[in-house]
Number of protein chains: 2
Amino acid sequence: MTSTDLTRRRLLDTAATLLCKDNGASLAEVAAAAGVGRTTLHRYFPSRHDLLLALAEDALERVEAAVSAARPEADEPVAVVLTRVATAVLPLADELRFLDVGAAVWDLPEMVERWYDLSRPVDDLVSRAKAKGELRLDLPTAWVVDLFVAAIWAASSGISDGRIARRDAIKLIVDTVLNGVTLSASPKSGGAR
Amino acid sequence: MTSTDLTRRRLLDTAATLLCKDNGASLAEVAAAAGVGRTTLHRYFPSRHDLLLALAEDALERVEAAVSAARPEADEPVAVVLTRVATAVLPLADELRFLDVGAAVWDLPEMVERWYDLSRPVDDLVSRAKAKGELRLDLPTAWVVDLFVAAIWAASSGISDGRIARRDAIKLIVDTVLNGVTLSASPKSGGAR
DNA sequence: CCTACATGGAACAGTCGTGTTCCACTAGAA
DNA sequence: TTCTAGTGGAACACGACTGTTCCATGTAGG
C-alpha cells in the first residue's frame, strides 16, 4: 500500500511547512495545502493532537537520523565533526521550528526525553574536545552546545530571508562559533577557502 | 487618570507574559490572569488584534529604548559597546519571544520597518568595527549581527532553563561571539576570570 | 449626599474549528 | 466486469472564542 504511505508523507510534509509559518492554521487549511480533502486528513490523523504528535515523531526521527549519520562520536578534530553535524542538521532546521513553538507535545515526557537526548551526542563531543585541549575549559559545555545550535538556527533563518548564502552557511557557523568574529584572534584556521 | 493607566499596564504586562507561554490563550484567560473582567479588557482593547498591536507596539518601544540607551553609536571598542547592548537587551528577550511567534502583526509594514530598524544601529556598529580593523572582514555584517542576536536568545533561554547562570550570560555572549570557543585562538582577551 | 467613572457579571448572537457520519466517485485488482 | 480500497464532498452537532449590550456594583471627588 504505497498509495496511503505517499498521502501520509505528503500530509506530514505539508503540515510541517504550513504549521511552521502559522501554528494556528486550521486542519482545513492543512488539508487544502496538501491537496487532499479534509475527510482524508481526518482518516490519517483522527484529531489535531494526533497530527501534531505524528509530526513531532517524524521530525524527531529525521533529526535523530541526521545527527547519528554525522557520527558525532567519531574521534576526529572537533571542527571536522561539527561541520558534519551542522551540514546534516541545517536543512532540517526550518522544518523543526514548529517543535519549538506550536509544541502541544511537551506534555509527553517521552518526547521531552528524546528532545534532550538529541543534543547529548554533541554534548559528549564538546566534552571530549575539551579534554583533548581543543576547546576552552572556562566555558560551560551546555553553553557551547547552545551557541552552536543557535548559530545553526540563525543561519537557517538567514538563508530563508536571503541575508546569507546557503553555500556559506556551514562555514560561517563552524568557523565563527569555533574562532569568533574578532579579526586578530584567528591567525590559524585555514578553514576559509 | 492613573487608575486607567495602571490597569492598561497590568493588562499589557500580563498579556505579554501569558501569550509568550501560550500564544493561543483566549482573551478570557488573559483577563483572568490580569485579575480584571473580560469586559474591562475589551474596553481597553476592543478586539484581539488591537491587543496584539498594542503589545507589539509596547515591546518595540521597550527594545528601542534599551538599544538606544546602550549608545551603540559610541566610538568605543566593539567589545565594550556590545556588552552594553547585550546587557540592555537580554532582560527583554523573554518578553520579546511572542513577537517572533504569535506575530499577527507582521502584515503591518510599519511594524516590519521598525523591527528591521532595531538591528540597524548594531549593523552600523559592526561595520564601523570592521573599518577600524577590530573585526574580521571576511564575514558578512548581517551574519555577525545575526550571530550576536542568536547568542542573546540562546543565553535567555539558557537562563530560563537553568542551564547557565544569569551573572555569566553577558560575558559568555560577548566573549564567545567575539573570540569563539576554541582554546588556542584567544591568547589575548583577559575577559575570562 | 450624589454624581461620575471604572469596573465586572451575565447574557446574547455570530463565527470558526473540530470531529463525525453518510454518500458518491474513481482507479486498480481479481 | 465486478469488487474494493482510497478518496472527497456535504452536512451536521458541538464547543470555544469573540464582540457586544445592558445592568448592577463600588468608590473617589464635588
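Throughout, read-outs are computed from the coordinates displayed, never taken from laboratory work. Bear in mind the structure is a predicted one, so any value in this text is a computation, not a measurement. Cβ atoms come from the backbone with ideal geometry, glycine included; neighbour counts cover every protein chain shown.
Numbers for the structure displayed
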read-out	value
For region A:8-164, with +1 on Lys and Arg beta carbons and -1 on Asp and Glu, the positive-most of A:L60, A:A31, A:I152 along the dipole	A:A31
Total lysine pairs whose alpha carbons fall under 24 Å of each other in chain A (8 or more apart, or interchain)	5
Student exercise, chain A dipole from Lys, Arg, Asp, Glu Cβ charges, in Debye to nearest 20	640 debye
Ascending list, in nanometres, of distances separating the A:R8 label from those of the other copies (7 Å, Cα toward Cβ)	5.4
Unit charges on C-beta of K, R, D, E only; dipole of the protein assembly as shown, Debye	520 debye
GNM result for chain A, Cα springs below 10 Å: residue of A:R167, A:R38, A:R62 fluctuating most strongly	A:R167
B:D5, A:D94 arranged by Cβ crowding within 10 Å, fewest neighbours leading	B:D5, A:D94
Exam field: A:A25 pseudo-label spacings to other copies (7 Å along Cα-Cβ), nanometres	2.6
Using a 7 Å Cα-to-Cβ projection, B:D100 label spacings across copies, nm, ascending	0.4
Projected label distance in nm at B:D138 and B:A54, using a 7 Å step from Cα toward the beta-carbon	5.3 nm
Degrees, to the nearest 10: B:141-160 long Cα axis against longest axis of chain B	60 degrees
FRET efficiency estimate (nearest 0.05) - Cβ-Cβ, B:S160 to A:A131, R0 30 angstrom	0.55
Spin-label pair A:T40/B:R167, simplified geometry with 7 Å Cα→Cβ offset, distance in nm	6.1 nm
Value at 222 nm in deg cm²/dmol, rounded to 500, when DSSP H runs of n ≥ 4 in chain B each add -39,500 (n - 2.57)	-24000 deg cm²/dmol
Sorted by Cβ density within 10 Å, fewest first, the residues B:K21, A:K130	B:K21, A:K130
Taking region A:29-92 and dividing mean pair separation by its residue count, relative contact order in percent (alpha carbons under 8 Å, at least six apart)	24 percent
Alpha-carbon centroids, region A:24-94 and region B:103-168: separation in whole Å	27 Å
Closest approach to the axis - chain B beta-carbon, rotation onto A, Å	B:G180, 2
Relative contact order for chain A, counting Cα pairs under 8 Å that sit 6 or more residues apart, in percent	20 percent
